[in-house]
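Taking it in order: structure first as structure tokens, then the write-up.
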Amino acid sequence: MHFPAAARERIAIASYPFRNLIAGTPEEANAGAFASYRIELKAFAGYVSQKFNIKKIEPWSPQFRSLDKAYLEELRAAAAKEGVAFVDIAVDGEYSPYAADSAERERAVALSKQWIDVAVTIGSPSVRTHIPAAKDSKPDVERTAESLKRVAEYGAAKNVVVHLENDDAVSEDPFFIVKVIEKVSSPWLHALPDFGNSLAAHDDEYAYKGVDAMFANAYGISHVKETEVGEKGKIAHVDLPRTFEIAKRHGYKGYFSMEWDSPGDPYVGTLGLIEKTLKNLA
């Protein structure tokens, strides 16, 4: 991947915060104020370009209407028309790569490979693959690494980088992810540091050490948040200067994807995140 140096060009907009705006997602029924003007995912590139003057996007997998080649080529063409590039696909899934059940692990690998193929078709250089919790096993480094080694090898063959995010507090604990990445030891498997997820699940010391460990293994994409609501209603407030400084200290050159995940209007929240990101990257 070739990363730009200019601060604004390093910013991407995640489509996840706009899940009530984009039609065809599970949240469509809760569109609320967005109900009268929902848009298709293929219009999101234009929305981002016009509203934010940003030319990079990170779509969320449940927002894809189809994985048929014709639909994916429509997405790519719509983005290209706006001068917008895909930088990552945030992929969710239901199968765990560390499940004791080998058939479930196979399904997890197959799903990740399928989304790598999607990335190739739409022109995304990377995917974020999910590590869901297994019903029959606690997180297992060996089994996860065995599964994701195959995914990384497939990504290498397709020229697509695979990222792992500190999302789920148990199955995607930052230190667990780092152990998996170290075990796989592939330049095609990296960490995707999320600024807020670990703070919402742990105390500050643990969380910032986790973010630091993630940025030590990061490459192409990270998620910028200002606040995050935890499972028990805990509202985590991200120290943005501290987190950006961690990224700088590790020589991180990749993209910063705006992922506003707080109550309120995601448009206003994203505008604020962009402004603060530009300030911290200056």
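When the stretch 139-163 is filtered for residues that are of a type in the set (Asp, Glu) and part of a helix (DSSP H, G or I), the ones remaining, listed by number, are Glu142, Glu146, Glu153.
Would you say Val268 is of a type in the set (A, V, I, L, M, F, W, C) and crowded, with 22+ Cβ neighbours inside 10 Å? The answer is no for Val268. For the stretch 202-282, please list each of the strands (runs of 3 or more DSSP E) lying entirely inside it that holds at least 3 residues being within 20 Å of the chain's Cα centre (by Cα). By residue number, 221-224, 227-229, 255-258. Kindly check whether there is at least one residue in the stretch 223-235 that is at pLDDT 95 or above, buried (at least 18 other Cβ atoms within 10 Å of the Cβ) and farther than 20 Å from Gly254 by Cα. Taking every residue of the stretch 223-235 in turn, none turns out to be at pLDDT 95 or above, buried (at least 18 other Cβ atoms within 10 Å of the Cβ) and farther than 20 Å from Gly254 by Cα.
On the stretch given as the stretch 184-195, residues that are assigned to a loop (DSSP other than H, G, I, E, B) and over 16 Å from the mean Cα position of the chain (by Cα) total 3.
The listed residues are Ala157, Ala134, Ala152, Ala145, and the only one of them that is modelled with pLDDT of 95 or more and within 24 Å of Ala12 (Cα to Cα) turns out to be Ala152. Could you tell me which residue of the stretch 1-47 is modelled with the lowest pLDDT, considering only residues that are crowded, with 21+ Cβ neighbours inside 10 Å and not in a helix (DSSP H, G or I)? Top of the filtered list is Thr25.
Number of residues in the stretch 92-147 that are among the small types (Gly, Ala, Ser) and within 20 Å of the chain's Cα centre (by Cα): the value is 12. Any chance the stretch 85-108 includes a residue that's surrounded by fewer than 19 Cβ atoms within 10 Å (Cβ to Cβ), more than 24 Å from Phe44 (Cα to Cα), touching a residue at least 60 places away in the same chain (Cβ under 8 Å) and of a type outside the set (Lys, Arg)? Checking the stretch 85-108: not a single residue is surrounded by fewer than 19 Cβ atoms within 10 Å (Cβ to Cβ), more than 24 Å from Phe44 (Cα to Cα), touching a residue at least 60 places away in the same chain (Cβ under 8 Å) and of a type outside the set (Lys, Arg). For the stretch 170-183, does any single residue satisfy the condition of being over 16 Å from the mean Cα position of the chain (by Cα), under 25 Å from Val151 (Cα atoms) and among the aromatic types (Phe, Trp, Tyr)? Checked the stretch 170-183: at least one residue is over 16 Å from the mean Cα position of the chain (by Cα), under 25 Å from Val151 (Cα atoms) and among the aromatic types (Phe, Trp, Tyr). The set of residues in the stretch 191-203 that are surrounded by fewer than 24 Cβ atoms within 10 Å (Cβ to Cβ) and either modelled with pLDDT of 95 or more or touching a strand residue (DSSP E or B) at 6+ places or on another chain (Cβ under 7 Å) (or both) contains only Ala200.
Only a single criterion out of (1) among the charged types (D, E, K, R); (2) in contact (Cβ under 8 Å) with a residue 24 or more places away in the chain; (3) farther than 19 Å from Leu273 by Cα is not satisfied by Lys232, namely (2).
The values are calculated or read from the model by the stated rules, or taken from the named source; none is laboratory data. Keep in mind the model is a prediction, meaning the values are calculated, not measured. Positions of Cβ are backbone-derived with ideal geometry, glycine not excepted, and every protein chain shown enters the neighbour counts.
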